[in-house]
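First the structure, in the form of structure tokens, and then the observations on it.
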Amino acid sequence: MRKHIIPIVFLMILSLLYAHESDLIYQSNNIADIHITVNTNALTWIYNNVDSDSLHLSSIRYQNDSLDISMDSVGFRLRGNTSRNAAKKSFKLDFNQFVPGRKLSGVEKLNLKAEQNDPSLVRSNFAFSLMEKIGLEASRLCYARVYINDNYMGLYNIIEHIDENFLNYHFANNDGNLYKCLYPADLNYYGPDPLYHPNAAWDPNRPYEIKTNKLENDHRQLAHLIDVINHTLSSDLMDSLESVLQVTDFIKYLAVNIMTGSWDDYRYLRNNYYLYYDIDLAKFRFIPYDYDNTFGIDWVGSSNWGDPNWARINMYSYTVMDSDGRPLSELIFNTPEYRDLFTHFIQFYTNNVFKEDQWTDYGDSIKALIRPDVVNDTYYPRDHGFNMSIFDDSYDEDQRYRHVERGIYEFMRKRRQTTNGDINWRYAAPSIYRRDIEQIGTSLHLDLSVFSAAGIKSLELKLYDATSNENSSIAINMDQDSQSNLVELYDRWTLRTQVETNDHYYKIVATDINNQVSTWPRKGFLELKDRSHIYNSLFINEIMAKNDASIADPAGDYDDWVEIYNASSQSIDMEGMFLSDREDSLAKWDFPENTIIHAGDYLLIWCDKDGDQHQDGLHANFKLSTSGEYISLTDKDSITVIDEIHFPALSSDVSYGRNLDGGDNWITFSIATPGATNNETDIDVLIPMTTALFPNYPNPFNPRTAISYQLSTASNIEVNIFNAMGRKVHTLVNNYQQAGVYKHNWDASHLASGIYLAVMKVDGFVFGTQKMLLVK
């Protein structure tokens, strides 16, 4: 069914060099070739029935600098709305319609957009690149030469399809409801059924079409969002809205649409966006969509370049295309704090991210990349009479051609001038608009973004006792990143502090130059977590007192070691706790800054007498005795013992550990498990239930690392090491082995730094891979 031209192992290596497999498709520095073969009768039917979304069988070959993949039984159809009647049509490829579950390099669908309205073919590219720079999740984009039955159809944009694969790439999960919002998706309230809209009766899929979790068909979250937007009292508005919507996403969206002159959007045309309910945040996220009609392309003025003039339009107020209103954008501009935040965002982006001289090199490089294929694109002039002179001028000239009012760089210049001239503040109280707050045991970490048009006079953490009396006030320091494209980091304030036993509640207090005060939370207090879990959740879990060849530290030395295990469901900050080998000196070695042990995780301490905090890894200032001795883990008061053990005499490369992580029973292990779960019996006699290849340790490494695996049955085993180019550099194992657990040390001292891949074959089939990073 599917034919892979490149070797499968090399494809796995290439995939691992990118953050995600789909990154192999969305490469902006090269042009792909897509060859589509479809039955000629089916193709004729598609062109004669342009409004149909029926999918037809095709076969494809996708080629770029990293991929060469052929597939048959691929769904093929036209896509778009008004563009379906264009001479240069847009297409959709669906890889899992006829073969369920199948993907092309991690994606199920490809949108091949003709962009026939845009003579530059780069406006969507600029818009989505701008969104990426400012941290707004949006589609990725690349270019492709498209052929149908060997006929060159022209140069196309491949714009990332917004579906569960998009969600999986851009967000922590893809389990929430995703809605495609098309005209007339104004978010007005028309009754308890959020899918009903009096002006959308002609299309049952509009205005809010659910794209995921269709079987559940549960729209209560969307109904609640629309209800909050339209019916919340002003006194509760900000807290209520922020409880259901990531408001800063929407403010960024408004700012991008002003900067790019996008009118085919929520604010003007009540069109072209997605709403995703992010389960991790329990809030909706605003996702932008469709940006070819931007940067001076204007159909609104009937090609007369009249009002609204998108390069000159006032960003705070302009007439929308109907009288129904846009309640969400109206909330932003009618709420002083949100309006000032919008003004701050757009001023920052305009002067730090949107300067035309920051984009000309990128734009010119794309222009040079795609120009030869535009020259050969016979469909390029068919819809609007474009030619290569218009293509060249569309980037920088004072271009006025039919619906194209501005060249791209010219539009950016004029838009920046207007924006800076229109800046107008409400001087609202400070906005504490990003709040990344984490309590790890007795340590409280604050990472905040705070803004005031007047300027911040002070930012404080206030701690309170159980009866809400103030215990203390701690200044929070500005931690600005003035070079970042992210306004959140430009407005960053941070604090890391310890909370005391009698600290039960806290709040953050911001005061501006005009002595206006804002707090977070706006009402009441935040409650600190119970810190007692530290004392029954941290365990000394495994010990090795004579490490001759078992596992090397990051420097390649074989030192004694102690493993700590966190059995809790919370991360714990161990900074200031103590490890010792003497009962009369519990504070012998203290854990350094930023020593975090995550929930269910393990921490390895090398006992080599160095105590050097400048080495990689944690190094205590004592060694362990092979004749047996005492080990303790003590709290930051240097008195409270969290865990302790008297361990017996141990032989070389034998560890002593709990037979269950955090359990009461201790046994010896002839094959140790540092940084991993302990086994229930001695590993020598353990027969694993499953076959598995484990992550190498350490990783990154220099120059030695241990590669471990287990076999549930006797098998022919081959473990090979490949470099980033797919060349085999070492064979680690190649023989028949009984069921059991195995570990092999690999010395890469003769190889250059870089990414390597361990590939394990079981009985001739690739079973598993592990990416390894050699750093010298």
Check: Looking at segment 138-238, which trypsin sites (Lys or Arg not before Pro) are in a loop (DSSP not H, G, I, E or B) and have at most 13 other Cβ atoms within 10 Å?
Finding: Lys214
Checklist line | Rounded FRET efficiency, nearest 0.05, which uses the C-beta distance separating Thr212 from Asp530 and R0 of 45 Å | finding: 0.75
Check: Going toward the positive end of the dipole of the chain, with +1 on Lys and Arg Cβ and -1 on Asp and Glu Cβ, which of Gly441, Tyr169, Tyr268 do you reach last?
Finding: Tyr268
Margin query: Under 13 Å from a point placed 7 Å out from the Cα of Val733 along the Cα-to-Cβ direction: which residues of segment 633-665 have their backbone N that close?
Written below: none
Check: Given just the C-alpha atoms of segment 540-585, how large is their convex hull per residue in cubic angstrom?
Finding: 131 Å³
Notebook entry, point to check: How much FRET efficiency would the formula 1/(1 + (r/R0)^6) give for Ser70 and Asn376, where r is the Cβ-Cβ distance and R0 is 22 Å, rounded to 0.05?
Noted result: 0.40
Check: Mind listing which trypsin sites (Lys or Arg not before Pro) in segment 253-357 are in a DSSP loop and have 16 or fewer other Cβ atoms within 10 Å?
Finding: Arg312, Lys355
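Where in segment 706-754 are there trypsin sites (Lys or Arg not before Pro) that are in a DSSP coil and have at most 16 other Cβ atoms within 10 angstrom of their Cβ?
Values: sites: Arg727, Lys728, Lys743; in loops: Arg727.
Sites meeting the loop and neighbour criteria: Arg727.
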Note to self: I'd like the distance between the alpha-carbon centres of segment 156-188 and segment 361-387, rounded to an integer number of Å.
What the structure shows: 29 Å
Check: In whole angstrom, how far apart do the alpha carbon centroids of segment 71-121 and segment 470-521 sit?
Finding: 48 Å
Next item on the list: Would you compute, from DSSP H runs of 4+ residues alone, the mean residue ellipticity of the chain at 222 nm, taking -39500 (n - 2.57) per run and dividing by the full residue count, rounded to the nearest 500?
Entry: -5500 deg cm²/dmol
Item checked: the chain: relative contact order as a whole-number percent, Cα under 8 Å and 6+ apart -> 7 percent
Checklist line | segment 709-776 shape via C-alpha gyration tensor axes, a/c threshold 1.5 | finding: prolate
Check: At what distance in nm do the modelled label points of Asn85 and Val766 sit from each other, each positioned 7 Å from its Cα along Cα→Cβ?
Finding: 4.9 nm
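Would you work out if segment 295-409 is rounded, prolate or oblate? Take a ≥ b ≥ c from the square roots of the eigenvalues of the alpha-carbon gyration tensor; rounded if a/c is under 1.5, else prolate when a/b is larger than b/c, oblate otherwise.
Values: a/c = 2.92, a/b = 1.63, b/c = 1.80.
Since a/c reaches 1.5 but b/c is at least a/b, the shape of segment 295-409 is classed as oblate.
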Check: How big is the equivalent ellipsoid of segment 315-364 along its three axes, where each semi-axis is √(5λ) from the Cα gyration tensor, reported in whole Å from largest to smallest?
Finding: 29, 16, 7
Notebook entry, point to check: Are any of the pairs Lys103/Lys283; Lys523/Lys636; Lys180/Lys283 more than 22 Å apart by Cα-Cα distance, and if so, which?
Noted result: Lys103/Lys283; Lys523/Lys636
Next item on the list: Report the percentage of all Cα-Cα pairs in the chain whose separation exceeds 40 Å, rounded to a whole percent.
Entry: 49 percent
Item checked: Cβ-placed point charges (K, R +1; D, E -1), dipole of the chain about Cα centre in debye, nearest 20 -> 2780 debye
Checklist line | Label-point separation in nm, Ala475 to Asn387, each point 7 Å along Cα→Cβ | finding: 6.8 nm
Note to self: Using the Karplus curve 6.51 cos²θ - 1.76 cosθ + 1.60 with θ = phi - 60°, what ³J(HN,Hα) values do you get for each residue of segment 350-356, in whole Hz, with x for Gly and Pro?
What the structure shows: 4, 9, 10, 10, 10, 5, 4
Notebook entry, point to check: Given a Förster distance of 45 angstrom, what is the FRET efficiency for Trp425 paired with Glu644, based on the Cβ-Cβ distance and rounded to 0.05?
Noted result: 0.15
Check: Expressed in nm to one decimal, what extension gain is obtained for the pair Thr501 and Thr626 from 0.36 nm per residue of sequence separation less their Cα-Cα distance?
Finding: 41.1 nm
Check: Which distance in nm do the two modelled labels at Ile667 and Lys462 give, with both placed 7 Å along the Cα-to-Cβ direction?
Finding: 5.7 nm
Notebook entry, point to check: How many Å² of accessible area per residue for the chain, probe 1.4 Å?
Noted result: 41 Å²
Next item on the list: Give, rounded to the nearest 20 debye, the magnitude of the charge dipole that segment 432-490 has about its Cα centre when Lys and Arg contribute +1 at Cβ and Asp and Glu contribute -1 at Cβ.
Entry: 180 debye
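Counting Lys and Arg as +1 and Asp and Glu as -1, each charge on the Cβ, what is the dipole of segment 525-620 about the Cα centre in debye, to the nearest 20?
Here the size comes out at about 340 debye.
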Check: Straight-line reach from Lys133: which lysines have Cα under 18 Å away, leaving out those fewer than 8 places along the same chain?
Finding: Lys252, Lys355
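The values are calculated or read from the model by the stated rules, or taken from the named source; none is laboratory data. Remember, it's a predicted structure, so these values are computed and weren't measured experimentally. Cβ coordinates were reconstructed from backbone atoms using ideal geometry, including for glycine residues, and neighbour counts include every protein chain displayed. Ligands, DNA and RNA are stripped out before the accessible areas are found, and what is left, the full protein with its side chains, is counted by its heavy atoms. Shrake-Rupley method; radii C 1.70, N 1.55, O 1.52, S 1.80 Å.
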